[in-house]
Amino acid sequence: MVPAAAPAAQRLLSAVEYARLADRGIPTELVRGRVVEMNVPTPRHGEICANITTLINPHVRGRGMGRVVSNDGGILTERAPDTVRGGDVAYYSYARVPQGPLPAGYLDVVPELVFEVRSPTDRWSRLITKAGEYLEAGVTVVCLLDQVSETLQVYRADELPRTLHAEDELDLPDILGELRISVRRFFE
């Protein structure tokens, strides 16, 4: 009997190759060189992301601080093999990404702030792993919003996470200056 051939190893993609892939109509991320399919978020997820953008964007743009990127804008978190995560909402200061049109492809820098919205079907372990990836890549703060409990968890490197409830305020003076937002407003 001839032994069965081992399956051919899938070639790992770089971030540049991933960016050039044709849209298959399915949301994906690149994780250590491999394309990983994801579920299409529900409208509630999109509404919370829109709230985040609406609450933060006027502040940072109005003060000439930077830009807000939404709709799973790719964030390069690892190299060789490459990982590109789709942050729900991200903030890049002009210190990291100068004013003007964004360049084509993925940026060589990570944002200061990333928001991820947990859908009811998302596993906490995967979101916490993703938050850790962002922090390891150099993101200063990651906020995980849970639409079920209407809470927001704030992650920073080398600190325990902080959980904020609807009656609490999110303030990140080192990133967003004097902006203070009631957590409740993200979920309205």
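The values are calculated or read from the model by the stated rules, or taken from the named source; none is laboratory data. All figures in this text were calculated on a predicted structure; none of them were measured in a lab. Note that each Cβ is placed from the backbone with ideal geometry, even for glycine, and that neighbours are counted across all protein chains shown. Surface areas here come from the heavy atoms of the whole protein model, side chains and all, with no ligands, DNA or RNA. Shrake-Rupley method; radii C 1.70, N 1.55, O 1.52, S 1.80 Å.
May I ask you to list pairs of residues, at least six apart or on different chains, whose Cβ atoms are under 6 Å apart, with the first in segment 49-63 being under 12 Å from residue 91 (Cβ atoms) and the second being among the charged types (D, E, K, R) and buried (at least 17 other Cβ atoms within 10 Å of the Cβ)?
Close Cβ pairs satisfying both conditions: none exist.
Please go through segment 87-96 and give me each residue that is assigned to a strand (DSSP E or B) and open to solvent by 30 Å² or more (accessible area, probe 1.4 Å), ordered by number.
None - no residue of segment 87-96 is assigned to a strand (DSSP E or B) and open to solvent by 30 Å² or more (accessible area, probe 1.4 Å), so the list stays empty.
Residue under question is residue 84, and the condition is that it be of a type in the set (Val, Ile, Thr), under 20 Å from residue 134 (Cα atoms), in contact (Cβ under 8 Å) with a residue 60 or more places away in the chain and in a strand (DSSP E or B); does it hold?
Numbers: of a type in the set (Val, Ile, Thr): yes; under 20 Å from residue 134 (Cα atoms): yes; in contact (Cβ under 8 Å) with a residue 60 or more places away in the chain: yes; in a strand (DSSP E or B): yes.
When the stated conditions are applied, residue 84 passes them.
Kindly indicate which of 180, 118, 123 is farther than 17 Å from residue 91 by Cα and surrounded by fewer than 17 Cβ atoms within 10 Å (Cβ to Cβ). It would help to see each step written out before you state the result.
On the way: 180 fails: farther than 17 Å from residue 91 by Cα; 118 fails: surrounded by fewer than 17 Cβ atoms within 10 Å (Cβ to Cβ).
Matching residue, one of 180, 118, 123: 123.
What's the number of the condition residue 52 fails, among (1) modelled with pLDDT under 95; (2) buried (at least 17 other Cβ atoms within 10 Å of the Cβ)?
So the condition that residue 52 fails would be (1).
If you scan segment 12-25, which residues turn out to be touching a residue at least 12 places away in the same chain (Cβ under 8 Å) and either loosely packed, with under 13 Cβ neighbours inside 10 Å or within 18 Å of residue 89 (Cβ to Cβ) (or both)?
Of everything in segment 12-25, those that are touching a residue at least 12 places away in the same chain (Cβ under 8 Å) and either loosely packed, with under 13 Cβ neighbours inside 10 Å or within 18 Å of residue 89 (Cβ to Cβ) (or both) turn out to be 16, 21.
Testing residue 148 on (1) open to solvent by 30 Å² or more (accessible area, probe 1.4 Å); (2) not in a loop (DSSP other than H, G, I, E, B), one condition comes back false. Which one is that?
Unmet for residue 148, out of (1) open to solvent by 30 Å² or more (accessible area, probe 1.4 Å); (2) not in a loop (DSSP other than H, G, I, E, B): (2).
Step by step: first the residues of segment 55-81, then only those that are under 15 Å from residue 178 (Cα atoms) and assigned to a loop (DSSP other than H, G, I, E, B), then the one that is most open to solvent (accessible area, probe 1.4 Å). Which residue is that?
Kept after step one, since they are under 15 Å from residue 178 (Cα atoms), are these residues of segment 55-81: 55-66.
Retained after the next criterion (residues that are assigned to a loop (DSSP other than H, G, I, E, B)): 63-65.
Working: 63: 131, 64: 46, 65: 46 Å².
By that ranking, first place goes to 63.
Are any residues in segment 7-33 modelled with pLDDT of 90 or more and among the hydrophobic types (A, V, I, L, M, F, W, C), and if so, which ones?
The initial filter retains those residues of segment 7-33 that are modelled with pLDDT of 90 or more, namely 12-22, 28-33.
Answer for segment 7-33, where residues must be modelled with pLDDT of 90 or more and among the hydrophobic types (A, V, I, L, M, F, W, C): 12, 13, 15, 16, 19, 21, 22, 30, 31.
What about residue 36, is it more than 21 Å from residue 138 (Cα to Cα), open to solvent by 50 Å² or more (accessible area, probe 1.4 Å), at pLDDT below 95 and part of a strand (DSSP E or B)? Quick ask: steps written out before the conclusion?
On the way: more than 21 Å from residue 138 (Cα to Cα): yes; open to solvent by 50 Å² or more (accessible area, probe 1.4 Å): yes; at pLDDT below 95: yes; part of a strand (DSSP E or B): yes.
Spelling it out, residue 36 is indeed more than 21 Å from residue 138 (Cα to Cα), open to solvent by 50 Å² or more (accessible area, probe 1.4 Å), at pLDDT below 95 and part of a strand (DSSP E or B).
May I ask you to list the residues in segment 137-160 that are closer than 18 Å to residue 125 by Cβ and among the polar types (S, T, N, Q)?
147, 149, 151, 153, listed by residue number.
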